[in-house]
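This report concerns only the one structure given below.
The values are calculated or read from the model by the stated rules, or taken from the named source; none is laboratory data. Here the structure is a predicted model, which means the values were calculated and not measured. For neighbour counting, all protein chains shown are included, and Cβ atoms are generated from backbone atoms with ideal geometry for every residue, glycine included.
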Amino acid sequence: MRCRSGAARVLTWRILDRLQAKKVDPLALLHQQTEGLAGTHGGILFTRMPLCLPPKPKWESEYLEWQEEWHKRSGRHRQWPEWLEQGDLGGSEQRQGSGGEGGGQGVEQGGGEGKQAAPLEQEADRVNDRRTVQRRIDSHLYLLLKSKETERWFFPHVPHAARETLRQTCERALETFVDHGKVETFFIGNGPCGMLPVEDEGNGNVFLIPVELIKGSPRLNKKVADSVSDFAWVAKDEMPEYFESQETRDYLDKLLQDKSDYYGSGTSQAH
(Lines give C-alpha, C1' and ligand atoms only; values in the text may rest on other atoms or scores of the structure.)
Protein backbone atom coordinates (compact mmCIF):
# COMPACT_ATOMS: atom_id res chain seq x y z
CA MET A 1 0.00 0.00 0.00
CA ARG A 2 2.85 2.37 0.77
CA CYS A 3 4.46 1.78 -2.63
CA ARG A 4 1.23 2.37 -4.42
CA SER A 5 0.51 5.57 -2.50
CA GLY A 6 4.05 6.84 -3.21
CA ALA A 7 3.70 6.17 -6.92
CA ALA A 8 0.34 7.93 -6.91
CA ARG A 9 1.89 11.03 -5.32
CA VAL A 10 4.64 11.14 -7.95
CA LEU A 11 2.09 10.76 -10.75
CA THR A 12 -0.08 13.50 -9.26
CA TRP A 13 2.95 15.82 -8.97
CA ARG A 14 3.85 15.27 -12.64
CA ILE A 15 0.29 15.95 -13.80
CA LEU A 16 0.12 19.19 -11.79
CA ASP A 17 3.54 20.26 -13.09
CA ARG A 18 2.41 19.82 -16.69
CA LEU A 19 -0.84 21.68 -16.07
CA GLN A 20 1.04 24.63 -14.56
CA ALA A 21 3.66 24.73 -17.33
CA LYS A 22 3.59 27.67 -19.69
CA LYS A 23 1.66 26.95 -22.83
CA VAL A 24 3.53 27.24 -26.14
CA ASP A 25 1.73 29.19 -28.82
CA PRO A 26 2.07 27.25 -32.10
CA LEU A 27 1.80 30.46 -34.12
CA ALA A 28 4.58 32.10 -32.13
CA LEU A 29 6.78 29.03 -32.59
CA LEU A 30 6.18 29.08 -36.34
CA HIS A 31 6.98 32.80 -36.41
CA GLN A 32 10.36 32.14 -34.75
CA GLN A 33 11.23 29.55 -37.39
CA THR A 34 10.50 31.87 -40.31
CA GLU A 35 12.35 34.96 -39.03
CA GLY A 36 15.87 35.57 -37.75
CA LEU A 37 16.71 36.64 -34.23
CA ALA A 38 15.99 40.33 -33.87
CA GLY A 39 19.04 42.49 -33.16
CA THR A 40 21.47 39.62 -33.79
CA HIS A 41 24.17 39.97 -36.45
CA GLY A 42 26.93 37.61 -37.52
CA GLY A 43 30.26 39.24 -38.36
CA ILE A 44 33.84 38.30 -39.17
CA LEU A 45 37.27 39.31 -37.95
CA PHE A 46 38.86 38.85 -41.38
CA THR A 47 42.54 38.60 -40.49
CA ARG A 48 45.75 38.66 -42.45
CA MET A 49 48.25 36.96 -40.19
CA PRO A 50 51.84 38.23 -39.81
CA LEU A 51 54.06 37.18 -42.70
CA CYS A 52 57.23 36.97 -40.61
CA LEU A 53 58.22 35.95 -37.11
CA PRO A 54 59.24 38.61 -34.59
CA PRO A 55 62.89 38.93 -33.53
CA LYS A 56 64.03 36.32 -31.04
CA PRO A 57 64.03 37.50 -27.43
CA LYS A 58 67.40 38.09 -25.83
CA TRP A 59 67.29 34.96 -23.70
CA GLU A 60 66.77 32.70 -26.74
CA SER A 61 69.55 34.34 -28.78
CA GLU A 62 71.95 33.93 -25.85
CA TYR A 63 70.94 30.29 -25.43
CA LEU A 64 71.50 29.49 -29.11
CA GLU A 65 74.95 31.11 -29.00
CA TRP A 66 75.86 29.14 -25.88
CA GLN A 67 74.57 25.93 -27.47
CA GLU A 68 76.71 26.41 -30.57
CA GLU A 69 79.83 27.14 -28.49
CA TRP A 70 79.22 24.10 -26.30
CA HIS A 71 78.83 21.84 -29.33
CA LYS A 72 82.13 23.11 -30.75
CA ARG A 73 84.00 22.57 -27.46
CA SER A 74 82.58 19.09 -26.97
CA GLY A 75 83.24 18.05 -30.55
CA ARG A 76 79.59 17.27 -31.16
CA HIS A 77 78.97 20.15 -33.50
CA ARG A 78 78.42 19.24 -37.14
CA GLN A 79 77.80 21.55 -40.04
CA TRP A 80 74.66 21.07 -42.06
CA PRO A 81 75.16 19.17 -45.34
CA GLU A 82 75.99 21.46 -48.25
CA TRP A 83 72.84 20.49 -50.14
CA LEU A 84 70.71 21.44 -47.13
CA GLU A 85 72.49 24.76 -46.57
CA GLN A 86 72.25 25.90 -50.21
CA GLY A 87 69.14 24.07 -51.40
CA ASP A 88 68.30 24.63 -55.05
CA LEU A 89 70.74 27.55 -55.21
CA GLY A 90 73.88 25.49 -54.52
CA GLY A 91 76.98 25.07 -56.68
CA SER A 92 78.90 27.66 -58.62
CA GLU A 93 75.84 28.71 -60.59
CA GLN A 94 74.67 32.25 -59.92
CA ARG A 95 70.98 32.75 -59.40
CA GLN A 96 69.08 35.84 -58.57
CA GLY A 97 66.10 35.83 -56.19
CA SER A 98 63.61 38.40 -55.09
CA GLY A 99 62.15 38.86 -51.66
CA GLY A 100 58.58 39.04 -52.90
CA GLU A 101 56.52 42.11 -53.60
CA GLY A 102 58.42 45.14 -52.37
CA GLY A 103 61.34 42.90 -51.39
CA GLY A 104 65.01 43.24 -52.14
CA GLN A 105 67.09 41.07 -54.42
CA GLY A 106 70.17 39.02 -53.68
CA VAL A 107 72.67 36.93 -55.65
CA GLU A 108 73.36 33.37 -54.51
CA GLN A 109 76.84 31.98 -55.12
CA GLY A 110 78.68 28.98 -53.78
CA GLY A 111 79.92 30.08 -50.35
CA GLY A 112 78.49 33.60 -50.84
CA GLU A 113 75.59 35.47 -49.34
CA GLY A 114 72.11 34.00 -49.63
CA LYS A 115 68.82 35.42 -50.70
CA GLN A 116 67.85 38.65 -48.97
CA ALA A 117 64.62 38.73 -47.04
CA ALA A 118 61.93 41.25 -47.88
CA PRO A 119 62.19 44.43 -45.79
CA LEU A 120 59.63 45.00 -43.04
CA GLU A 121 58.77 48.39 -44.54
CA GLN A 122 56.86 47.78 -47.76
CA GLU A 123 55.96 50.33 -50.44
CA ALA A 124 52.42 50.50 -49.03
CA ASP A 125 53.88 51.50 -45.64
CA ARG A 126 55.86 54.34 -47.19
CA VAL A 127 52.82 55.81 -48.95
CA ASN A 128 50.37 54.84 -46.16
CA ASP A 129 48.21 52.71 -48.46
CA ARG A 130 45.88 50.75 -46.20
CA ARG A 131 43.83 49.13 -48.95
CA THR A 132 46.32 46.31 -49.47
CA VAL A 133 47.45 43.34 -47.40
CA GLN A 134 51.06 44.00 -48.49
CA ARG A 135 51.75 46.26 -45.51
CA ARG A 136 52.73 45.87 -41.84
CA ILE A 137 53.92 42.35 -42.63
CA ASP A 138 54.98 41.78 -39.01
CA SER A 139 51.50 42.54 -37.61
CA HIS A 140 47.96 41.21 -37.71
CA LEU A 141 45.71 43.17 -40.08
CA TYR A 142 41.90 43.27 -39.87
CA LEU A 143 39.44 44.21 -42.60
CA LEU A 144 37.25 47.25 -41.90
CA LEU A 145 34.53 48.66 -44.15
CA LYS A 146 33.16 52.19 -44.37
CA SER A 147 29.43 52.70 -44.67
CA LYS A 148 28.44 55.02 -47.50
CA GLU A 149 25.31 56.12 -45.62
CA THR A 150 26.68 56.79 -42.11
CA GLU A 151 30.41 57.28 -42.93
CA ARG A 152 31.23 54.92 -40.04
CA TRP A 153 33.71 52.07 -40.10
CA PHE A 154 32.58 48.57 -39.16
CA PHE A 155 33.55 44.91 -39.28
CA PRO A 156 31.73 43.00 -42.05
CA HIS A 157 28.43 41.67 -40.69
CA VAL A 158 24.89 40.74 -41.77
CA PRO A 159 21.63 40.19 -39.82
CA HIS A 160 20.81 36.69 -38.66
CA ALA A 161 18.39 34.81 -40.90
CA ALA A 162 15.88 32.10 -40.02
CA ARG A 163 17.23 28.60 -39.36
CA GLU A 164 20.84 29.76 -39.62
CA THR A 165 23.56 28.90 -37.16
CA LEU A 166 25.88 31.73 -36.16
CA ARG A 167 28.64 30.16 -38.25
CA GLN A 168 26.37 30.15 -41.32
CA THR A 169 25.47 33.80 -40.76
CA CYS A 170 29.16 34.73 -40.56
CA GLU A 171 29.92 32.73 -43.71
CA ARG A 172 27.20 34.68 -45.47
CA ALA A 173 28.80 37.93 -44.24
CA LEU A 174 32.09 36.90 -45.85
CA GLU A 175 30.41 36.01 -49.14
CA THR A 176 28.39 39.24 -49.09
CA PHE A 177 31.29 41.68 -48.72
CA VAL A 178 34.32 39.82 -50.12
CA ASP A 179 34.83 38.43 -53.61
CA HIS A 180 35.37 34.94 -52.27
CA GLY A 181 36.35 33.42 -55.61
CA LYS A 182 39.78 35.10 -55.52
CA VAL A 183 40.89 34.10 -52.02
CA GLU A 184 41.23 31.11 -49.73
CA THR A 185 40.03 31.51 -46.15
CA PHE A 186 39.74 29.47 -42.96
CA PHE A 187 37.08 29.88 -40.25
CA ILE A 188 38.41 29.36 -36.72
CA GLY A 189 35.68 27.51 -34.86
CA ASN A 190 31.91 27.80 -34.84
CA GLY A 191 31.46 30.19 -31.93
CA PRO A 192 32.19 33.90 -31.58
CA CYS A 193 35.40 35.30 -30.12
CA GLY A 194 33.85 38.66 -29.30
CA MET A 195 30.82 40.91 -29.54
CA LEU A 196 30.34 44.56 -30.53
CA PRO A 197 27.21 46.72 -30.53
CA VAL A 198 25.61 47.71 -33.81
CA GLU A 199 25.91 51.49 -33.81
CA ASP A 200 22.94 51.92 -36.16
CA GLU A 201 20.64 49.94 -33.84
CA GLY A 202 19.80 50.60 -30.22
CA ASN A 203 19.99 47.03 -28.93
CA GLY A 204 21.69 45.16 -31.79
CA ASN A 205 24.90 43.16 -31.34
CA VAL A 206 27.46 41.75 -33.77
CA PHE A 207 28.95 38.38 -32.84
CA LEU A 208 32.39 38.02 -34.43
CA ILE A 209 34.05 34.82 -35.62
CA PRO A 210 37.74 35.03 -36.67
CA VAL A 211 38.56 34.17 -40.28
CA GLU A 212 42.14 33.84 -41.53
CA LEU A 213 43.26 34.84 -44.99
CA ILE A 214 45.18 31.86 -46.37
CA LYS A 215 45.89 32.90 -49.95
CA GLY A 216 45.12 35.72 -52.38
CA SER A 217 44.48 39.46 -52.33
CA PRO A 218 40.88 40.06 -51.21
CA ARG A 219 38.65 42.44 -53.13
CA LEU A 220 35.26 43.85 -52.26
CA ASN A 221 32.22 42.24 -53.78
CA LYS A 222 30.75 44.46 -56.49
CA LYS A 223 27.28 43.84 -55.05
CA VAL A 224 28.04 46.04 -52.01
CA ALA A 225 29.35 49.03 -53.98
CA ASP A 226 26.14 50.94 -53.19
CA SER A 227 26.49 50.51 -49.42
CA VAL A 228 30.28 50.48 -48.87
CA SER A 229 32.38 53.48 -49.83
CA ASP A 230 35.83 52.33 -48.69
CA PHE A 231 37.78 49.56 -46.98
CA ALA A 232 41.06 49.26 -45.09
CA TRP A 233 43.37 46.63 -43.63
CA VAL A 234 44.05 47.96 -40.15
CA ALA A 235 46.48 46.93 -37.41
CA LYS A 236 45.55 46.87 -33.74
CA ASP A 237 47.35 50.11 -32.88
CA GLU A 238 45.52 51.90 -35.73
CA MET A 239 41.99 51.00 -34.57
CA PRO A 240 41.47 54.21 -32.52
CA GLU A 241 41.57 56.15 -35.81
CA TYR A 242 38.44 54.33 -37.00
CA PHE A 243 36.23 54.10 -33.88
CA GLU A 244 35.07 57.10 -31.86
CA SER A 245 33.71 55.23 -28.84
CA GLN A 246 36.30 54.89 -26.09
CA GLU A 247 34.52 51.78 -24.84
CA THR A 248 34.89 50.15 -28.27
CA ARG A 249 38.56 51.14 -28.42
CA ASP A 250 39.27 49.59 -25.03
CA TYR A 251 37.43 46.41 -25.98
CA LEU A 252 39.28 46.01 -29.28
CA ASP A 253 42.57 46.57 -27.48
CA LYS A 254 41.82 43.44 -25.43
CA LEU A 255 40.28 41.43 -28.26
CA LEU A 256 42.73 41.90 -31.13
CA GLN A 257 46.31 40.72 -31.57
CA ASP A 258 49.24 42.86 -32.66
CA LYS A 259 52.51 41.07 -33.27
CA SER A 260 52.88 37.33 -33.66
CA ASP A 261 52.49 35.53 -30.33
CA TYR A 262 54.98 32.84 -31.36
CA TYR A 263 57.02 33.09 -28.17
CA GLY A 264 54.03 33.25 -25.85
CA SER A 265 52.37 36.11 -24.02
CA GLY A 266 54.73 35.85 -21.05
CA THR A 267 57.94 36.49 -22.99
CA SER A 268 59.49 39.84 -23.72
CA GLN A 269 60.62 40.58 -27.24
CA ALA A 270 62.09 43.95 -26.33
CA HIS A 271 64.88 42.74 -24.05
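Report, by residue number, each residue of region 204-253 that is hydroxyl-bearing (Ser, Thr, Tyr) and assigned to a strand (DSSP E or B).
Of all residues in region 204-253, those hydroxyl-bearing (Ser, Thr, Tyr) come to 217, 227, 229, 242, 245, 248, 251.
Correct list: 229 only.
Tell me the strands (runs of 3 or more DSSP E) entirely within region 47-164 that contain at least 3 residues that are at pLDDT below 90. Don't jump to the end; show me each part of the working.
Details: elements: 95-98, 105-108, 141-147, 157-159.
The strands (runs of 3 or more DSSP E) meeting that bar are 95-98, 105-108.
Against the condition under 18 Å from the mean Cα position of the chain (by Cα), assigned by TED's automatic domain parsing to the domain that holds residue 41 and closer than 24 Å to residue 37 by Cα, how does residue 194 come out, does it pass?
Taking the combined requirement at face value, the residue satisfies it.
Return yes when residue 171 is out of contact with any Leu (no Cβ under 7 Å at 6 or more places or on another chain), surrounded by fewer than 18 Cβ atoms within 10 Å (Cβ to Cβ) and outside any strand (DSSP E or B) and no when it is not.
Here the answer is no, as residue 171 does not meet what is asked.
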